[in-house]
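Student: Right, I'll just put the structure down here and ask away after.
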Amino acid sequence: MTAWIAFSVNGRAVDVEVDPMRRLADVLRDDLGLTGTKIGCDAGDCGACTVRLDGRQVCACLVPVAQAAGGDVRTVEGLAAGDGAPGGEPREFADLAALQRAFLEAGAAQCGICTPGMLMAADDLLERRPAPTDAEVRDALGGVLCRCTGYRKIVEAVATTGVGDGIGRPTREPSPAAGGAVGARLPKVDGIGCVDGTARFGADERPEGMLAVRAVRSPHARARFTIGDLDALHARHPGLVKVLVAADIPGQNRYGIYPTGKDQPVLAEGLVRHRGEAVCALVAEEAVLEAIDDAEVPITWEPLPPIFHGKSWAKPDAGSRRAPSWDVLSRGPGHEPSRHSSTGLTRAILFPGSRRWGCCAPRCCSRCCAPPLAPRASIRWTHSARTRWGGQP
């Protein structure tokens, strides 16, 4: 059921026909094109989607759009000079709000995923407390998580904005003069886009015809499994394009810390080693995926005793509990991946992780595997397909 819901966004009146229970974050991004608001968890844990609703900071992923009816919503696009409209090129430094300029000068904007949420939380604080203490800044920003900065630069930027006349001290573009770059602090090349909401990440663009992928994950800490006949599932859901399994992964079905030492399966091969491990992936339009319950997928589970520490693998009587032969701890270095097989899909695919920033995609990075708040992404064009991996360019 849909309804017309009217509210204000960054000072502009909008009227959208949507399901009243849709998340405000999704309406802002998908219906209004305001992709500066990021989605990290859809659970109110990370704060990346923080906006201001009637002056109060809220997690837009937890707010049904009906709750915004008749209200005023402010997003990161509305902080800088202008009408807060979606899209467009990054603004000039002088057009940014004092808070945004302070973030650039202090180096508080790094990958850019948490930055919009940090800015909106700080904007709320500075309106209430024009000259906050460090403790007040930390408390106000406590609901927004950052993987990159260690928070010190963010706190410094917010505190700096509140110094002096309330307008904020940073008023110059932090670029050195010609000939003075050596030894000088340089501004982040894409910094303005990170603070004004115009930076484009993997989930911010959706080419026409792109499909979505949803991983089906293990409910067991450790278990063997088999996937049965999928014909009945396809018959119940005609829009289901494909069910990807381990054999469909192009090349090496592994990912991990080092390029030549990847030891984690992208999709499990008959054995799962932790709860939540992906065993297959459903490919379809998002509406079709939402209609499919994981219980409908014909997976037969054989639960096994969990492994609680590494020493368990080495016990002589471990039997089936031994680590798989491809595990880097058992195999040692020097293994090179093979390259074969193909998914056989001819339409673009949105892989897990690119829609929600909180998922670690199979190809999140090449040389490190940091906490998966902002997985990387790239877009590849081929003769027959366009493919997107992960979540961040």
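Quick note: the coordinates plus some simple rules give every number you see, no bench work behind them. On a predicted model such as this, the values are computed, not experimentally measured, just so you know. Using ideal geometry, Cβ is built from the backbone for each residue, glycine included, and neighbour counts are taken over all protein chains shown.
Student: So if R0 is 25 Å, what FRET efficiency would Ala43 and Arg129 give, r being the distance between their Cβ atoms, rounded to the nearest 0.05?
Tutor: Result of the calculation: an efficiency of 0.30.
Student: Multiply the residue gap between Asp190 and Asp229 by 0.36 nm, knock off their C-alpha separation, and tell me the result in nm, one decimal place.
Tutor: 9.2 nm
Student: Straight-line reach from Lys242: which aspartates and glutamates fall under 14 Å, measuring Cα to Cα and dropping same-chain residues less than 8 apart?
Tutor: Excluding near neighbours in sequence, the set is Asp229, Asp231, Glu285, Glu286.
Student: Around Thr2, under 10 Å between beta carbons, what's the net of Lys plus Arg minus Asp minus Glu among the other residues?
Tutor: Within the 10 Å Cβ shell, the charges total -1.
Student: Want the number for Ala295 to Arg206: 0.36 nm per residue separation, take away the alpha-carbon distance, what's left?
Tutor: Working it through step by step, the gained length comes to 29.2 nm.
Student: Shifting gears a bit: Show me the ranking of peptides 212-218, 268-274 by mean Cβ neighbours inside 10 Å, starting with the highest.
Tutor: Answer by packing, highest mean first, reads 212-218, 268-274.
Student: If the cut-off is 13 Å between C-alpha atoms, which aspartates and glutamates fall inside it for Lys188, apart from same-chain ones fewer than 8 positions away?
Tutor: Straight-distance partners of Lys188: Glu105, Glu173.
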